[in-house]
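Q: Have a look at this one before I ask anything.
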Amino acid sequence: MKIALIANPHSGGKKGYKLIPRVSETLCDHHIGFDLLPTQYRGHAVELARELTLENYAGVVSLGGDGTNFEVLNGLLKFHKNAHLPPLGIIPVGRGNSFARVLHIRTVEDAVAALIRQNPKPVDVCSFSQGQERFYFINVTGFGFVTDTEINIHPELVRYFC
């Protein structure tokens with residue numbers, strides 16, 4: 001198995017910097033091939049996901065928090081609309097990690113075990129529009145008091161390793 005590992009070194013108060021080598025070693029120990037794609041700025045995960053050749057990967061994994069996962073999801077759904085998406089994974093490194101907790105993934109070891117099991121769980125995807133731009137989200141999203149939104153359940157499901 002080979003995955004695209006989109007990693008945010010700044011997530012969790014820069015905890016990502018410390019965990020990337022540990023995650024890399026753990027993946028190698030379990031014979032999981034990967035391309036490490038570190039983010040360099042806000043929004044970069046969207047660009048990295050957009051540029052992926054999905055046929056090369058058995059999964060796309062976000063190493064970061066809910067924000068990194070949001071960017072990876074949007075990079076995939078906005079720019080690979082007609083493609084068959086591989087299962088997504090999350091290695092929780094953020095401060096809240098609320099979505100990872102919903103999937104019972106609390107540690108790096110939990111995340112790697114989920115990848116090894118290769119038993120993805122379907123997850124509903126919602127979308128909202130801001131002006132002419134559409135955004136996709138899972139789990140939760142927040143809106144300000146003064147906002148005009150339309151929320152839709154996306155007709156496709158995304159599968160997450162859990």
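Q: Kirkwood Rh, Cα Rg: Rg to Rh for the chain?
A: My calculation of the ratio gives 0.95.
Q: Given 0.36 nm per residue, what is the gain on full extension from Asn56 to Arg101 after removing their alpha carbon distance, in nm?
A: Extra length from Asn56 to Arg101 when fully extended: 13.4 nm.
Q: List the lysines whose alpha-carbon lies under 26 Å from that of Lys15, not counting same-chain residues fewer than 8 positions away?
A: Lys2
Q: Can I ask one more? Please report the net charge: other residues with Cβ closer than 14 Å to the Cβ of Gln40, K and R +1, D and E -1.
A: Working: positive: Lys14, Arg42; negative: Glu47, Glu51, Glu71.
The answer is -1.
Q: Tell me the label-point distance for the pair Glu25, Arg42, using the 7 Å Cα-to-Cβ offset, in nm and rounded to one decimal.
A: Rounded to a tenth, the inter-label distance reads 3.3 nm.
Q: Specify the angular offset, from 0 to 90 degrees and rounded to the nearest 10, of the alpha carbon long axis of helix 66-79 from the longest principal axis of the alpha carbons in the chain.
A: 70 degrees
Q: Now for a different question. Working from Cα positions, state the angle (0 to 90°, nearest 10) between the long axis of helix 108-117 and the longest principal axis of the chain.
A: Computed tilt is about 90 degrees.
Q: Longest segment of the chain with no GluC sites (Glu not before Pro) in a DSSP loop having at most 15 other Cβ atoms within 10 Å?
A: By the stated rule (loop sites, at most 15 other Cβ atoms within 10 Å), 52-149.
Q: Which longest run of the chain has no exposed loop site in it, a site being trypsin sites (Lys or Arg not before Pro) in a DSSP loop with at most 15 other beta carbons within 10 Å, and the site itself not part of the run?
A: Maximal segment without exposed cleavage sites: 107-162.
Q: Which percent of the Cα-Cα distances in segment 1-62 go past 15 Å? Spell out each step's value before the answer.
A: Working: 932 of 1891 pairs.
Beyond 15 Å sits 49 percent of the P(r) for segment 1-62.
Read-outs throughout are calculated quantities, based only on the coordinates presented, and are distinct from any laboratory measurement. Since this is a predicted model, take the numbers as computed values, not measurements. With ideal geometry, Cβ positions are generated from the backbone for all residues, glycine too; neighbour counts draw on all protein chains shown.
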